[in-house]
Structures are given as C-alpha cells and as structure tokens.
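Notes for the one structure printed next.
Nothing in this text is a laboratory measurement; each read-out follows from the coordinates by a stated rule. As the structure is a computational prediction, the values presented were derived from the model and not from experiment. A quick note on method: Cβ atoms are made from the backbone with ideal geometry, for glycine too, and the neighbour counts reach across all protein chains shown.
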Amino acid sequence: MVAIRTENLTKIYHRRHLGKLRETVGVKELNLEIKKGEIFALLGLNGSGKTTTIKLILGLLFPTAGKIYIQEKLMPNREIIQQIGYLPELPYFYRFLTVRELLNLYARLSELPRGEINQRIEETLEIVKMGKEKNTQLAELSRGMLQRIGIAQALLHNPQILIFDEPVAGLDPLGIREMREILLNLKKEGKTIFFSSHIISEVEKISDRVGVLNEGELVRVLEQKDWFLRNGRLEEIFLEVVSQTKT
Amino acid sequence: MNKIFAIAYYTLKENIRNKVFYVLIFFAFLILFSALLFSILGGEAELRLLFDFGLAAIELFALLITIYASVNLVLEEIENKTIYLLLTRPLSRRTYLFGRYLGILFAVYLSVIIMSLGHLSLLGLKKWTFDPGYLFVLFGLGFKIILISAVAIFFSLFSSSAISSVSFTFFFWLLGHFTEELKFLGLRLSNLFLKYLVKFLYYLLPNFQYFNFRDHWQSGLNVNFIFLTLLYGLVYTTVCFLFTSLLFSRKEF
C-alpha cells in the first residue's frame, strides 16, 4: 500500500519585485511514491525543493498543478491530516508555555479524547526521554531538547505517517544518534517515515529508499541496495546524480 | 468549540505571560494617577476631569493592547513558524482565526477590568458614588474592542509588516471617531470624485462614535439606538472577519 503519492506535483512561486513578476520553480512534475512502513528520505542541495514538497503535502503551500494522495485519499482532507505527525525544520514553540501545556494544546487540537491526553503526554515524553522536563517552560530548553519536544508533539496522536523536515538540523552528535534510534524504533512500530535531509551520512544509515531532488525535479530514486553495493557511499551516487543533472 | 477555546485559552496565556502586556497596564496606571493630579487643578470639575480623563486613558491603553495582541502576536506566529504545527492538525483555518480572536478579546477585557478597578479606586478616593452607568460606558468600549480587534487581525494578515498593520489599524480607529465630520466634509465638497471617495470612506470606516455610550449616559438611554448600534457592530465585525477568513484561507506558509 502507498502511504503518500504525488502526481505531477508542481509548485511555481510568483514574486513581484519593483513591478516585475518573477517565477521560481519550487518543484516540477513531481511523481513520488512512499510505501507504507518504509523510511523514505528526500535528499537534495539547499533550495532543491525538499521543504516545498513537504509543505505541499501538508497543505501549507498550494500546488500550481498536480495532485497529492495520502493513504489513497485526495488532499486536502482534514480526516487524513489526523494520520500525519509533522516536525518542521528547527521548530519554534511558544516560549511562554511549559512542555505539558504545549503538548496539551496540541493534543486537544489533534482531537485526542480528553481522558487519554495526560497518559499520551507521559508516553510520548518517555519515548523522547523528556519526562523530567514536563513542567519546564519551553524558553528554558536547549535546541536538542526542543527538537525532542518536536518529535513528541508529532507522535502525540499516534499517527501512522511521520513527516520530518531536516530532523537532525541543529543537533549535536549524541542528539543525532538518539534521533536515529527514535526513527528506527518508530519504523519497527510500522510507521511510515518521510523525511528530508542534506546530511547524507544519516540518510544512508536509516533509509529504505532515497529520492534525489535537484532544482525541483525528482531525478532519481535509490534503493538501499544501490548504496550498499557501493560500500555505503550514498554521497558519491548523490553527487554523481546532481552533477549529471546540471550538465 | 473545544478547539476554539483551546486556542483562545493559549492566546490569553500568551498575553498574560507577556511583559509588554504588564508594561502597558503599568503605563495606564501612570496615566490614571496623573489624571488624579490634573483633576486637582480642575477645581469644581475635579471629579468630572478625573472621570473623563480616566476613561479616555483606559480606552487608549485598551486600544494599544488590542493592536499589540492582534498585530504582533499573529505576525510573530507566522514569522516564527509556530503556526505550522497548528495548521498541520485537523483544524480549520477559520477555527484557528476565531480562537485567536476570542483569546485576544479575553486578554484585552482582562486589562480593561484591571484598569477600571484602578480607575474606580481613584474615583472612590474622591468620594464618587458608583453609578451603574459606568458599566454601560465600559460595555460600549467593549464593543469598540470587538470591532478594532477584527480590523487589526485583518491588517495583520493583509500587510506584510507589523508597522503597516499597526499604522492602518490606528488610522481606522482614529478616523472611525470622526466619521460624522467626514460625512459633513463630503456634503460640502464640490469635486465629484472627492465627494464619492469621502462617502466611500464614511461607509468603509467603522463608526466608533456610535459606541461612545458615555455621551448617551447622561442624556438617557435610547434602547432602540443601543440595539441598532450593537447590531451594526456585530455585522461590521462579521463582515471583517469573513474577509479575514477568506484572505487567510488563501495564505501560504
């Protein structure tokens, strides 16, 4: 079964500057398929369209053309959004709230039954090892801790699909390893994980498949065996693909 | 409804845990105390001066808090991307907007209650006997806040910077108190284009003069007028909110 599918997904940004209309291609005719239960990474240089793709899927951006299906249902669909947990790149939270208050807010907005909210908050904080910080104000937490809270809020409503935008951005080596363990554990639970990154070393360690985006186009989809056969050198393949596309 | 109140609640918390909120209330109290000093110079009109000056100060600071909460916090939420984690949940944009709006109203009303209690204390010091009409005046102010909050949120989404949002909102508030003068000016103009422009502005701007219940308090209450005024306020706010909702539904992040 396909968890996420895009059909000829295109996004063109229109910007007006000093009376002149400027068009920038975000993504172009993107045909992406992410299977249920797999870890799929979207790899690309800065500005290649990774975040644009994610935002289109989530409805933060509207497509210029093309369609998006999640669990074979055409988006936008508010019921299906319930099945998605999202972590943006370097997430900001409400500094004035405590960890518990923030998760309580998100739990209520995610339609979690009232009786389950407290238990679910405790469970997700245990998963991300932030149980002791539940009454700490978010303004007092470090970057790594905030990233973990970000994962906690994404898991709160027990979604089947997780979409993470640059999940290891801003993390130290220990944080990166912990994030890797969390993602692999989530995969064992049968969750579909779709994430974007430009940190190739992490991508090759956990992904089942990798899509390479270059200048808004999906130029190649690689299976794990493709880089395992090259002694784990996903970086070489990636640079090869990107430079071939440029010429 | 649960979601609307969840958002309204966190909006209220956001404001009451914000230093700017308390700074503005502090300055309001400073102005109220200065009103006390000025009133001493007023001789026989001492109480009247304290009364009017105090209410004007409450209205001004309620406006400032409304503008700050509506413009700054909404724009900040968009700039900080904290809005991403709200809109990627099963939450309609209209629900988010209405919840935010309600929360801002709660926060501003709370500030008005605090400032009014301070004002009443000062009036009490001057042996003023409480008149329920005072609450009626605050009721009128409450409706002004309902209107200007809707306008402020509209401008915070319509314009790209806080400064322009604040400017437009303040412009609307200011001109909204001179709509009758604008109408008078329009009748006196000979240039057809300017005449129609002024007429357009007269209908576009919210007529805040209707909500100056202070003016009606002493002369007696006209229930019909009050009812029509409140209806006007609700219709204007609803139309403003619908435009804001439409704009917001098309906004990309």
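Can you compute the helix-only [θ] at 222 nm over chain B? Use -39500 (n - 2.57) per DSSP H run of at least 4 residues, normalise by all residues, nearest 500 deg cm²/dmol. Intermediate values should be presented prior to the final figure.
Details: 12 runs with 201 residues, N = 253.
Calculated at 222 nm, the ellipticity per residue is -26500 deg cm²/dmol.
Let me have the 222 nm mean residue ellipticity of chain A computed from DSSP H runs of 4+ only, each contributing -39500 (n - 2.57), with the sum over all residues rounded to the nearest 500. Walk me through the intermediate numbers first.
Values: 9 runs with 92 residues, N = 247.
Mean residue ellipticity at 222 nm (helix-derived): -11000 deg cm²/dmol.
All C-alpha to C-alpha distances of the range B:209-253, sorted into 10 Å bins beginning at zero, yield P(r) values of 24, 34, 20, 15, 6, 1 percent in whole numbers.
Across all C-alpha atoms in the range B:1-138, the radius of gyration and Dmax reach 18.3, 62 Å. Spin-label model, A:L74/A:D226: points 7 Å from Cα along the beta carbon direction are separated by 3.1 nm.
Tell me which DSSP H helices of chain B clear both cut-offs, 20 Å or more of axial length from alpha-carbon atoms and a mean Kyte-Doolittle hydropathy of at least 0.5.
Details: long enough: B:2-16 (21 Å, 0.14); B:19-40 (32 Å, 2.48); B:46-67 (31 Å, 1.72); B:93-125 (48 Å, 1.22); B:133-158 (38 Å, 2.22); B:162-176 (21 Å, 1.66); B:223-249 (38 Å, 1.83).
Both cut-offs are met by B:19-40, B:46-67, B:93-125, B:133-158, B:162-176, B:223-249.
Our estimate of slack between A:D208 and A:M1, defined as 0.36 nm per intervening residue step minus the Cα-Cα distance, is 73.0 nm.
Taking 0.36 nm per residue of sequence separation and subtracting the Cα-Cα distance, how much length would be gained by fully extending the chain between B:L185 and B:K127, in nm to one decimal? The partial results should precede the final answer.
Working: separation 58, 0.36 × 58 = 20.88 nm, distance 4.31 nm.
Computed gain between B:L185 and B:K127 is 16.6 nm.
Scoring B:3-16, B:94-107 by mean Cβ neighbours within 10 Å over their residues and listing the highest first yields B:94-107, B:3-16. Screening chain A for DSSP H helices whose Cα atoms reach 15 Å or more along their own axis and whose mean Kyte hydropathy is at least 0.0 gives A:99-109, A:143-155, A:234-246.
Inter-label distance, B:L47 to A:V219: 8.3 nm, where each label sits 7 Å from its Cα along the C-beta direction. In terms of distances greater than 27 angstrom between alpha carbons, the cross-link table entries A:K188/B:K251; A:K67/B:K251; A:K36/A:K225 yield A:K188/B:K251.
Using only alpha-carbon positions in the range B:102-183, the gyration tensor eigenvalues give semi-axes of 30, 16, 11 Å once each is multiplied by 5 and square-rooted (largest first).
Less than 5 angstrom separates the built amide H of B:F253 from those of A:L61, all sequence-distant by 5 or more or on a different chain.
Of the two radii for the range A:164-247, the radius of gyration is 0.97 times the Kirkwood radius, both from the alpha carbons; that is the Rg over Rh value.
Given that compact globular proteins tend to follow 2.2 N^0.38 Å, what is the ratio of the alpha-carbon Rg of the range A:78-139 to that value?
Values: Rg = 12.1 Å, N = 62, 2.2 N^0.38 = 10.6 Å.
Taking the Cα Rg and dividing by 2.2 N^0.38 Å, one obtains 1.14.
Does the range A:111-192 come out rounded, prolate or oblate by the C-alpha gyration tensor, with a ≥ b ≥ c the root eigenvalues, rounded set by a/c under 1.5 and, if not, prolate when a/b is larger than b/c and oblate if not? Oblate.
By the Stokes-Einstein formula, at 0.692 mPa s and 37 °C, chain A with its Kirkwood radius over alpha-carbon pairs has D equal to 174 µm²/s. Taking every C-alpha pair closer than 8 Å and separated by at least 6 residues, the mean separation divided by the residue count of the range B:1-105 gives a relative contact order of 49 percent. Say a paramagnetic label sat at a point 7 Å from the Cα of B:S92, along Cα to Cβ; which residues of the range A:58-83 have their backbone N under 12 Å from it? Within reach of a label on B:S92: A:78. Mean sequence separation of contacting Cα pairs (under 8 Å, at least six apart), scaled by the length of chain A, corresponds to a relative contact order of 26 percent. The coefficient of translational diffusion for the range B:160-212, derived via Stokes-Einstein from the alpha carbon Kirkwood radius under 20 °C and 1.002 mPa s, stands at 181 µm²/s.
On the basis of the beta-carbon distance and an R0 of 35 Å, B:L194 and B:S167 show a calculated FRET efficiency of 0.95. The residues neighbouring A:T192, those whose beta-carbon lies less than 9 Å from its own, together hold a net charge of +3 under the Lys/Arg +1, Asp/Glu -1 convention. Taking only the C-alpha atoms of the range B:48-101, the Rg (one decimal) and the largest Cα-Cα distance, Dmax (whole number), read 16.7, 53 Å. Look at the dipole of chain A built from charges on Cβ: of A:H198, A:L9, A:L61, the Cα furthest out on the positive end belongs to A:L61.
Loop only per DSSP, at most 14 neighbouring Cβ atoms within 10 Å: give me the GluC sites (Glu not before Pro) in the range A:137-231, ordered by residue number. All intermediate terms of the calculation are to be shown ahead of the outcome.
Details: sites: A:E140, A:E178, A:E181, A:E189, A:E202, A:E204, A:E215, A:E217, A:E223; in loops: A:E189, A:E215.
When the GluC sites (Glu not before Pro) of the range A:137-231 are filtered for loop state and at most 14 Cβ neighbours within 10 Å, A:E189 remain.
Under 13 Å from a label point set 7 Å out along the Cα-to-Cβ vector of B:L228, the amide N atoms of the range B:166-210 belong to B:210.
Inter-label distance, A:R95 to B:M1: 3.6 nm, where each label sits 7 Å from its Cα along the C-beta direction. Scaled against 2.2 N^0.38 Å for its residue count N, the alpha carbon radius of gyration of the range B:158-246 is 1.27. Judged by the gyration tensor of its Cα atoms, with axes a ≥ b ≥ c, the range A:7-109 is oblate; a/c meets the 1.5 cut and b/c is at least as large as a/b.
Is the protein assembly as shown best put as rounded, prolate or oblate by its Cα gyration tensor, with a ≥ b ≥ c the root eigenvalues, rounded for a/c under 1.5, and otherwise prolate when a/b is larger than b/c, oblate when not? Don't skip to the answer; put the middle values down first.
Details: a/c = 2.90, a/b = 1.95, b/c = 1.48.
Note, shape of the protein assembly as shown comes out prolate.
At 37 °C and 0.692 mPa s, grab the translational diffusion coefficient of chain B from Stokes-Einstein with a Kirkwood Rh over Cα pairs, rounded to a whole number in µm² per second. If you can, show how the numbers build up before the last one.
On the way: Rh = 19.6 Å.
Estimated diffusion coefficient is 168 µm²/s.
Note on the range B:59-202: Lys pairs 8 or more places apart or on different chains, Cα atoms under 25 Å apart, count 4.
Calculate the FRET efficiency for A:L21 and B:F178 from the Cβ-Cβ distance with a Förster distance of 51 Å, rounded to the nearest 0.05.
Values: r = 39 Å, r/R0 = 0.77.
Efficiency, rounded to the nearest 0.05: 0.85.
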